[in-house]
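The values are calculated or read from the model by the stated rules, or taken from the named source; none is laboratory data. Since the model is a prediction, treat every value here as computed from it, not as a measurement. Using ideal geometry, Cβ is built from the backbone for each residue, glycine included, and neighbour counts are taken over all protein chains shown.
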Amino acid sequence: MLFVLALNGCVSPSIHDGQKAKILPRDSVGWSLQGKAAVTQADKSGSTVNLAWHHSETTRDHIRLSGPLGTGALELLRQGEHLFWLDDGIKQPVDLLPMNDEARSVVVTLPLGVVSAWLMGYPDSPAGWAVEITQWQIVEGWQVPRTIAAHRDDVSVRLVVLTWDFGTPQS
C-alpha cells in the first residue's frame, strides 16, 4: 500500500479544465525526461522501450532506449540532422546499428530532429507524420505533454512522459 502511495506522489498531475500554464519556448534547452514509448507496425508487431531524453542544445539530443528492466540499452545522439548511435562512447553511423531490419527502419523513420519539439508540446508533422498531444500536464509551472500519439503510413508511436527535469531551461 505504501509503495502505491509513493508512486502516486511521483506522478505529475494531468491538466484539469481551466488549468493553464506557459508552454516551453521552442528554444528551451537543458531539460530531460523519462518515459516509455510503444512502437507498432502495420502487421501489429511492436515493442515498448523505456526512454531517457536529454535536450542539451537546440540541435543536440542524447537519447537512451532500453527494454524491460534496462535490458538492451541503446544510446543515440542527434546532432543537427545527423543521427548516430554510441558504441562504448564512440559515435557510429546509425545505418551500422546492430539490430534487425524492422527495428532499424523504425529508428531511421522516426523524425528524431523534431521529436524533441513534440516532447516540448509542438506537434510538428514532418514528412507525412500525424502528431497529436493527447494529454497535457503541468510540471514546475510549465505545461508539457504527458502523452503523444504519432503515426505515419505503417508505423505508430505512443510516447508517455513519466518525469521531467528542467535543469535550467533557457529561451
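Hey, Phe166 hits all of (1) more than 18 Å from Thr48 (Cα to Cα); (2) touching a strand residue (DSSP E or B) at 6+ places or on another chain (Cβ under 8 Å); (3) exposed (fewer than 14 other Cβ atoms within 10 Å of the Cβ); (4) at pLDDT 85 or above but one; which does it fall short on?
If we test Phe166 against (1) more than 18 Å from Thr48 (Cα to Cα); (2) touching a strand residue (DSSP E or B) at 6+ places or on another chain (Cβ under 8 Å); (3) exposed (fewer than 14 other Cβ atoms within 10 Å of the Cβ); (4) at pLDDT 85 or above, just (3) comes out false.
So, in region 102-155, how many residues would count as being assigned to a loop (DSSP other than H, G, I, E, B) and either closer than 23 Å to Thr59 by Cβ or modelled with pLDDT under 90 (or both)?
So the answer is 13.
Just give me the residues in region 12-37 being modelled with pLDDT of 90 or more, in contact with a Lys or Arg (Cβ under 9 Å, 6 or more places away or on another chain) and surrounded by fewer than 16 Cβ atoms within 10 Å (Cβ to Cβ), in sequence order.
Answer for region 12-37, where residues must be modelled with pLDDT of 90 or more, in contact with a Lys or Arg (Cβ under 9 Å, 6 or more places away or on another chain) and surrounded by fewer than 16 Cβ atoms within 10 Å (Cβ to Cβ): just Lys36.
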